[in-house]
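Undergrad: The structure follows.
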Amino acid sequence: MHILLVGAGLSGAVIARKLAEAGHRATVIDGRDHIAGNCHTERDPETGVMVHRYGPHIFHTDDEEVWDYVQGFMRFMPYKNRVKTTSQGAVYSLPVNLHTINQFYGRTMRPDEARAFIEEQADTSIEEPQTFEEQALRFVGPDLYEAFFKGYTEKQWGCSPTELPASILKRLPLRFNYDDNYFSHRFQGMPEHGYTEMVSRILDHPGIEVHLQTWFDPAAAGEYDHVFYSGALDGYFGYALGRLGYRTLDFKRFTYDGDYQGCAVMNYGDRQVPYTRITEHKHFSPWETHEKSTCYEEYSRACTPEDEPFYPIRLVDEKALLADYIARAEETEGVTFVGRLGTYRYLDMDRTIREALDTVAAYLSDTAQGRAPRAFYQPPMG
């Protein structure tokens, strides 16, 4: 069969590779001038630093099959994401851990003492938190919430934490030890030569053609036996029902002679600082040496039709609109919607790859058994 993959990010590349290995012909198109989607990496021409053009991407997973899969295309170097935050004139470690708590309160508490202390700060009258703010107050109490979460969240999402669901904060750990590794997954690292080179190797198969700066026309879907679409779900239908909401990011680049901040990621929790964080990209490749540094200030704002969508908002209005688009997609034959944009969900890289592997396996099984391919192999409302 001749199958079209719309989008040359992780979803499109992994699915295309599996299809080609199964003997099918895969054509991959992407409207951008590069592959690898939002995890695209490139060398800064001024400093030589490997930069993550759309913000930092750290690979972390407990899925051993996915870990083995990516390492089949490139060696992953050891990397631990140790995030710092500047708040109220001091620098602390994130996620909130025993060092953060002791430093913030000027104490020397042991783990059991800190646990009891934080429970005293927490608002125990909130039995079932519904909003981000309620979750934070129940989670760490008002002091740590104000210092580390409130201002940052207002800047990141452009609204009050009282309007956001509690589930956003539930993903963040609270530790009563001195572990400052942001992630707790078994496998963590960075591809030695960047994500774009890794994706290039995934796409390097005689059964795969790649065409960049090529936009998809839904009217051309009938020219292929099937389409895997990783673009925006609402975009496939010409935004006929309205636009799904996203946040986007603006990046202000600057260089520095030497080491600017001593870490890869420095958050800024104070509301009056306009950017959410500064990333210093040479620290994402600690096995390399660079005299100069490339840094980016990150600014979050509402996504317009001209912007690159980053974070799906998925509040009440967006979920209602999403349900309408899902219904329309399920009535559309010959296309499967995949990935972050195609299913309107925030996905880490490992989950993106896992879903791509599972999707193409199920698709190949369906077609082998004479069953019609599904619009979604991963439930968008999940």
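Quick note: the coordinates plus some simple rules give every number you see, no bench work behind them. Because the structure is a prediction, the values reported are computed rather than measured. Neighbour counts are summed over all protein chains in view; Cβ atoms, including those assigned to glycine, are modelled from backbone coordinates with ideal geometry.
Undergrad: Along the charge dipole of the chain, which of ASN267, SER93, GLY7 sits closest to the positive end, that is, farthest toward it, with unit charges on the beta carbon of Lys, Arg, Asp and Glu (+1, +1, -1, -1)?
TA: Going by the Cα projections, it comes out as SER93.
Undergrad: Moving to a separate point now. Considering only DSSP beta bridges whose two residues both sit in the chain, what percent are antiparallel, to the nearest 5?
TA: Numbers: 35 of 55 bridges.
Around 65 percent antiparallel, to the nearest 5.
Undergrad: Of TYR229, VAL83, GLY37, which is farthest towards the positive pole of the chain's charge dipole, taken about the Cα centre with +1 and -1 on the beta-carbons of Lys, Arg and Asp, Glu respectively?
TA: Positive-end residue among those listed: VAL83.
Undergrad: Right, something else. Taking LYS80 as the anchor, which lysines have their alpha carbon closer than 16 Å to its alpha carbon, excluding any fewer than eight residues away along the same chain?
TA: Straight-distance partners of LYS80: LYS282.
Undergrad: OK, next. Work out the charge dipole of segment 97-170 with +1 on the Cβ of Lys and Arg and -1 on the Cβ of Asp and Glu about the Cα centre, then indicate which of ALA136, ASN102, THR162 is farthest towards its positive end.
TA: Value: ASN102.
Undergrad: Can you give the FRET efficiency to the nearest 0.05 for TYR54 and ARG115, using r as the Cβ-Cβ distance and R₀ = 30 Å? Kindly include the intermediate steps, with their values, before the conclusion.
TA: On the way: r = 38 Å, r/R0 = 1.27.
That pair, TYR54 with ARG115, gives E of 0.20.
Undergrad: Then there's this: For a footprinting-style exposure proxy, rank VAL338, VAL91, VAL66 by other Cβ within 10 Å, fewest first. Don't skip to the end; give the middle numbers.
TA: On the way: VAL338 30, VAL91 14, VAL66 21.
In increasing order of surrounding Cβ atoms, one gets VAL91, VAL66, VAL338.
Undergrad: Which one, ALA320, ALA356, ALA136, has the greatest fluctuation when you compute a Gaussian network model over the chain with C-alpha springs under 10 angstrom?
TA: ALA320
Undergrad: I want to verify a result. In a Gaussian network model of the chain, Cα cutoff 10 Å, which of these has the top mean-square fluctuation: GLU355, GLU308, GLU133?
TA: In the Gaussian network model the winner is GLU308.
Undergrad: May I pose another question? Using the Cα centre as the reference, give the magnitude of the dipole from point charges on the C-beta atoms of the chain (Lys, Arg: +1; Asp, Glu: -1; all else neutral), rounded to the nearest 20 debye. Please report the intermediate quantities before stating the final value.
TA: Numbers: 39 positive and 57 negative charges, 67 e Å.
Using Cβ point charges on Lys, Arg, Asp and Glu, the chain gives about 320 debye.
Undergrad: What is the angle, in °, between the Cα long axis of helix 10-21 and the longest principal axis of the Cα atoms in the chain? Nearest 10 is fine, range 0 to 90.
TA: 40
Undergrad: By count of other Cβ within 10 Å, fewest leading, how are CYS159, CYS295 ordered? Before the final figure, lay out each step's value.
TA: Details: CYS159 14, CYS295 22.
Placing the least packed residue first, the sequence is CYS159, CYS295.
Undergrad: Can you spot the lysines whose alpha carbon is less than 25 Å from LYS150's alpha carbon? Ignore those fewer than 8 places along the same chain.
TA: In chain and number order, the partners are LYS84, LYS170, LYS252, LYS319.
Undergrad: Count charges around ALA90 for me, please; just the other residues with Cβ under 14 Å from its Cβ, Lys/Arg as +1, Asp/Glu as -1.
TA: Numbers: positive: LYS84; negative: ASP143, GLU146, ASP270.
Result for the neighbourhood of ALA90: -2.
Undergrad: Ok, one more. Give, rounded to the nearest 20 debye, the magnitude of the charge dipole that segment 97-170 has about its Cα centre when Lys and Arg contribute +1 at Cβ and Asp and Glu contribute -1 at Cβ.
TA: Details: 7 positive and 13 negative charges, 72 e Å.
About 340 debye.
Undergrad: With a sphere of radius 13 Å drawn around the Cβ of GLY48, what net charge do the other residues whose Cβ falls strictly inside it have (Lys, Arg +1; Asp, Glu -1)?
TA: Working: positive: ARG43, LYS282, LYS292; negative: GLU42, ASP44, GLU46, GLU288, GLU291.
Net charge around GLY48: -2.
Undergrad: Then there is this: Taking the chain as a Gaussian network, Cα atoms linked when under 10 Å apart, which of ILE126, ILE101, ILE278 shows the biggest mean-square fluctuation?
TA: ILE126
Undergrad: Express the relative contact order of the chain as a whole percentage, based on alpha carbon pairs under 8 Å and six or more residues apart in sequence. Walk me through the intermediate numbers first.
TA: Details: 725 pairs, mean separation 94.8, N = 382.
Contact order relative to length: 25 percent.
Undergrad: Spelling out what I want: for every residue of segment 68-85, take phi, set θ = phi - 60°, compute 6.51 cos²θ - 1.76 cosθ + 1.60 (Karplus), and round to whole Hz; glycine and proline get x.
TA: 5, 4, 5, 6, x, 10, 7, 5, 9, 8, x, 7, 10, 8, 10, 8, 10, 9
Undergrad: Using each residue's phi in segment 216-230, evaluate 6.51 cos²θ - 1.76 cosθ + 1.60 at θ = phi - 60° and report the 3J(HN,Hα) Karplus result to the nearest Hz, with x for Gly and Pro.
TA: Along segment 216-230, the couplings run 8, 10, x, 5, 8, 4, x, 6, 10, 6, 6, 10, 9, 10, 10 Hz.
Undergrad: Output ³J(HN,Hα) for segment 314-326: one whole-Hz value per residue in order, computed from phi by the Karplus curve 6.51 cos²θ - 1.76 cosθ + 1.60 with θ = phi - 60°, and x for Gly and Pro.
TA: 6, 7, 4, 5, 5, 5, 5, 5, 4, 4, 5, 5, 4
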